[in-house]
Each structure stands twice: as structure tokens, then as C-alpha cells.
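Below: the structure, in C-alpha cells.
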Amino acid sequence: MPLQLRAVLGPLCHGAFLLHHLYVFFYAHEVHARVERARLHNFDPRIANITDFAAMFFTNWNMMLQTLYFSLAMLHDCLPRHSPMGGLINRCKGFLFASLVFPCSVFVSATFWGVYSINREWVFPEVCDEYIPQWLNHSLHTNVLVFLVVEVLIANQLLPTFRSALGALTALTVVYDAVFFLSYFVYGRFMYGLFHVLNWPERIGFVLSTYFVSAMVMKLGIAIEDFKYRKRRTKAD
């Protein structure tokens, strides 16, 4: 993509993506309020999960990561090209993108729609349709992947080392898994219905397999950015 076109599309896309995420957070607050009112009359654990586990759904963690990334990207777009602060932000957003945003966004979208196609009750019970509209569902689980693809096409990342990126992904995985299983012991139920049909060895196996798949996706993201870098160098030569 030509540099001049990228310079125009970058700020426009980053601004639009950031506004999209902020609106999703705003609307999600309204959804939580509706659920809290509804559960006073009809307590359904599948609906209660929306508010009880709001801070623990990995979908929401991914939304926060993307929001932070697009905020940094927008800030970088607004700074002079060779400013010291711009260089620092460029390194930070590159690290965030390669280590967490890319693998987590692919994981959220692929896993959600993959499980949904088998049995939606395991990840998004039909009873929740009354409170969560389809556009919000797609904003959380489809748009995040679309935005990721666009970002790969229009932005060049300053990549971290594979070891440091893997360390960040591993740390996030450990923290999230600890929160996930702790929530089960606190509430007496899993936030995802899939885990209710698995036994404990299968649950542990699923968690470990998703970690290794995410690590491979992260490596793929780094490889894509490295390929883009080598292609730019070839054109420059």
C-alpha cells in the first residue's frame, strides 16, 4: 500500500475503530442495567452470567486490549513523525499488537464462532438474544477480526522479540486462567456452557491447547509483519 495512502487511512481507521469500541462499552453498560432489572423478576443463570461475569469474559479482555492499542495508534498518528515520544509509543503499540492483540483477537473470533456453529448454548445461549442484539454480538466477536485484518494491511509494526512476546502472552494466559477458574469456585458455575459438558481433564486439556494455538497464531502474526518488512526493504533497494 502506498505510503501516502497509508498515512491518510491510518488515522481515519484508528479513529473509527476507537469510536466503535467506546460505543460498544457504552451500550454494554445499558445492557447490564437491563439485565439487573430483569433478574429481579426472573433469575436465569444464563442471563445472570452477562453481569456476574462481565469483567471476566475473555471477549471483554480482548476489547480492552484493542481499545488500548487503537488509543496508542491514534496518539502515534497525531505526533510528529520523528518525535522521541512517537518512537516510544510506536515500540509500545508494536509490542502490544504482536504479543497480545493479534493472537487474542484471532482466538476470540475463531473460537467463539467455531463453538457457536456446533452448539451456541455453549458460548451464547439463545435466551441472551433478548438483551444482546446481533450487532453487538458481531461487534464483540466479528468486527475485532475485521479491524485486525485492516490494521495488518495499513500499519507497519515495530516488532518485539519472539521471546518477549511469548512471555507477555503466557503471563496474560496464566492470569486469565486463574481468574476464570476462581470465578467457578466463587459462583459455583462456569461462565461458558462448554465447560459444563467437559470433565476436569478435558477442561485442562482445552485450556492448554488454546494456549499453544494462540502462541502459534502469535508467531504467524510476527511472521506476517516480518514478511512485510522484508518486502519493503526489497522495494527500497
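Values as computed for the structure displayed
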{"quantity": "Any hit, the range 192-215, residues being within 21 Å of the chain's Cα centre (by Cα), surrounded by fewer than 12 Cβ atoms within 10 Å (Cβ to Cβ) and at pLDDT 95 or above", "calculated": "yes"}
{"quantity": "Long-range neighbours under 6 Å by Cβ, at least six apart or interchain, first residue over 17 Å from L136 (Cα atoms) within the range 45-71, second small (G, A, S) and assigned to a helix (DSSP H, G or I)", "calculated": "M56/S183"}
{"quantity": "Flag for S83 being within 23 Å of the chain's Cα centre (by Cα) and either at positive phi or small (G, A, S) (or both)", "calculated": "no"}
{"quantity": "Residue among T59, T67 that alone is more than 18 Å from E151 (Cβ to Cβ), surrounded by fewer than 20 Cβ atoms within 10 Å (Cβ to Cβ) and hydroxyl-bearing (S, T, Y)", "calculated": "T59"}
{"quantity": "Spans of helices (runs of 4 or more DSSP H) in the range 71-168 with at least 2 residues within 28 Å of L12 (Cα to Cα) and among the polar types (S, T, N, Q)", "calculated": "102-118, 134-141"}
{"quantity": "Looking only at the range 22-50, and only at residues there that are of a type in the set (V, I, T) and more than 19 Å from the chain's Cα centre (by Cα), the one that is surrounded by the fewest Cβ atoms within 10 Å (Cβ to Cβ)", "calculated": "V31"}
{"quantity": "Which listed residue is of a type in the set (A, V, I, L, M, F, W, C), open to solvent by 70 Å² or more (accessible area, probe 1.4 Å) and farther than 16 Å from I154 by Cβ, from L100, L96, L19, L79", "calculated": "L19"}
{"quantity": "Every residue from the range 1-16 that is at pLDDT 90 or above and open to solvent by less than 40 Å² (accessible area, probe 1.4 Å)", "calculated": "C13, H14, G15"}
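The values are calculated or read from the model by the stated rules, or taken from the named source; none is laboratory data. Since we're looking at a predicted model, the values are computed, not measured. Cβ atoms come from the backbone with ideal geometry, glycine included; neighbour counts cover every protein chain shown. Surface accessibility is based on the protein's heavy atoms, side chains included, excluding ligands, DNA and RNA. Shrake-Rupley method; radii C 1.70, N 1.55, O 1.52, S 1.80 Å.
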